[in-house]
Amino acid sequence: MSAIAHADDGHGHGHDDHGHGHDGHDGHGHDDHGHGDLVENNYMKVPNIKLAMWTFLGSECMFFGSLIATYFFYLDKSISGPLPAEVFSIEITSISTFVLLMSSYTMALAVDAMKSAKLGKAKLMLVLTAICGTIFVSFQVYEFWHFFVEKKLALQTSLFGSTFYTMTGFHGAHVTVGVIWLLMVAGLIHKGNIKPQRAVVVESAGLYWHFVDIVWIIIFTFVYLFEFAK
């Protein structure tokens, strides 16, 4: 009887150990899964979400590079007007460019606030950045309307019209996506779904936003200012 009791005790302990192992597995497993986007790549030592963003932006560099190169390749090959000098308004475009540049500053403040666990400030800066992006897109919509209605420049009017609308239109679409993204991130922070420990989520959104700003600086400098300088 003593031996049987001892065996039962051992069997009970075995179940206890198994139970502990199961709980430990569940607890750690769910935790790792929840922070999967924060895991560093074994070779690059960079969070996966950030590495994915850098990879995406690399492909976007080639995309916008091809659009800008195509614009300049066909710039002087249009056989019908209007020409760039006849439609561009450097004053209006300068204002929208300034607004977009200011959005880079508020985006940087949002990232810094998130890393410092200042969630209220991070949300405010994200919303301000999105507002700046919305203002920029609104200027672009007005510019397109002005070119199309008053200057009679349509997408099919000339090579200049086709390449210009395609290049700046895709950029405007990217800014619009960025605005929606930033508002979604601000909403998730407000709901408590993004904590300071996951500041890399905001940082990745910031990388995208700074990228579209840099692309516009290049377009504004080489497309608008160079034409104005002529």
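With r defined as the distance between the Cβ atoms of SER138 and THR70 and R0 fixed at 30 Å, what FRET efficiency is calculated, to the nearest 0.05? It would help to have the intermediate numbers written out before the result.
Numbers: r = 26 Å, r/R0 = 0.88.
FRET efficiency, SER138 to THR70: 0.70.
Listed here are the pairs LYS45/LYS118; LYS115/LYS191; LYS45/LYS123; LYS121/LYS191; which of them are more than 24 Å apart at the Cα? Write down the numbers at each step before the final one.
Values: LYS45/LYS118 26 Å; LYS115/LYS191 17 Å; LYS45/LYS123 28 Å; LYS121/LYS191 15 Å.
In this structure, LYS45/LYS118; LYS45/LYS123 lie more than 24 Å apart at Cα.
What residue among ALA113, PHE73, PHE139 has its Cα farthest toward the positive end of the dipole of region 47-202, where the charges are +1 on Lys, Arg and -1 on Asp, Glu, each on the Cβ?
ALA113
Taking the Cα centre of region 110-230 as origin, work out the dipole magnitude from +1 charges on Lys and Arg Cβ and -1 charges on Asp and Glu Cβ, in debye rounded to 20. Before the final figure, lay out the partial values.
Details: 10 positive and 6 negative charges, 100 e Å.
That gives a dipole near 480 debye.
Let me check something: with ligands and nucleic acids excluded, how do ASP112, ASP213 order by accessible area (1.4 Å probe), largest to smallest? Walk me through the intermediate numbers first.
Values: ASP112 85, ASP213 5 Å².
From most exposed to least exposed: ASP112, ASP213.
Report the convex hull volume per residue for region 139-230, counting only C-alpha atoms, in Å³.
On the way: hull volume 9.9 nm³, N = 92.
Roughly 108 Å³ of hull volume per residue.
If R₀ is 45 angstrom, what is the calculated FRET efficiency for the pair ASN48 and PHE222, using the beta carbon separation as r and rounding to 0.05?
Working: r = 35 Å, r/R0 = 0.77.
It comes to 0.85.
Under the Karplus relation 6.51 cos²θ - 1.76 cosθ + 1.60, θ = phi - 60°, what is the ordered set of whole-Hz ³J(HN,Hα) values for region 127-132, x standing for Gly and Pro?
5, 4, 4, 5, 5, 4
Would you kindly work out the equivalent ellipsoid of region 94-135 from its C-alpha gyration tensor and give its semi-axes, the square roots of five times the eigenvalues, largest first in whole Å? The partial results should precede the final answer.
Details: eigenvalues 90, 17, 4 Å².
For region 94-135, the ellipsoid semi-axes come out as 21, 9, 4 Å.
Starting from region 105-157, pick out the trypsin sites (Lys or Arg not before Pro) whose DSSP state is loop and whose Cβ has at most 15 other Cβ atoms within 10 Å. Can you show the working numbers first?
Numbers: sites: LYS115, LYS118, LYS121, LYS123, LYS151, LYS152; in loops: LYS118, LYS151, LYS152.
Listed in order of number, the matching sites are LYS152.
How do 128-136, 78-86, 100-108 rank on mean C-beta neighbours within 10 Å, highest first? List each step's numbers first, then the result.
Numbers: 128-136: 22.1, 78-86: 13.6, 100-108: 19.7.
Per-residue Cβ counts within 10 Å, averaged per peptide and sorted highest first, yield 128-136, 100-108, 78-86.
How far is it, in nm, from the label point at SER80 to the one at LYS152 when both lie 7 Å from their Cα along the line to the Cβ?
0.9 nm
Using a probe of 1.4 angstrom, how much of the accessible area of region 78-193 is carbon and sulfur, in percent?
Numbers: 4070 of 5680 Å².
About 72 percent, which is the carbon plus sulfur part of the accessible surface.
Apply the Karplus parameterisation 6.51 cos²θ - 1.76 cosθ + 1.60, with θ equal to phi minus 60°, to every residue of region 201-206 and state each ³J(HN,Hα) to the nearest whole Hz, in sequence, with x for glycine and proline.
5, 5, 4, 5, 4, x
The values are calculated or read from the model by the stated rules, or taken from the named source; none is laboratory data. The structure presented is a predicted model; accordingly, all values stated were derived computationally and were not measured. Counting neighbours? That spans all protein chains shown, and the Cβs are built from the backbone with ideal geometry, glycine included. These area figures cover heavy atoms from the full protein model, side chains too; ligands, DNA and RNA do not enter into them. Shrake-Rupley method; radii C 1.70, N 1.55, O 1.52, S 1.80 Å.
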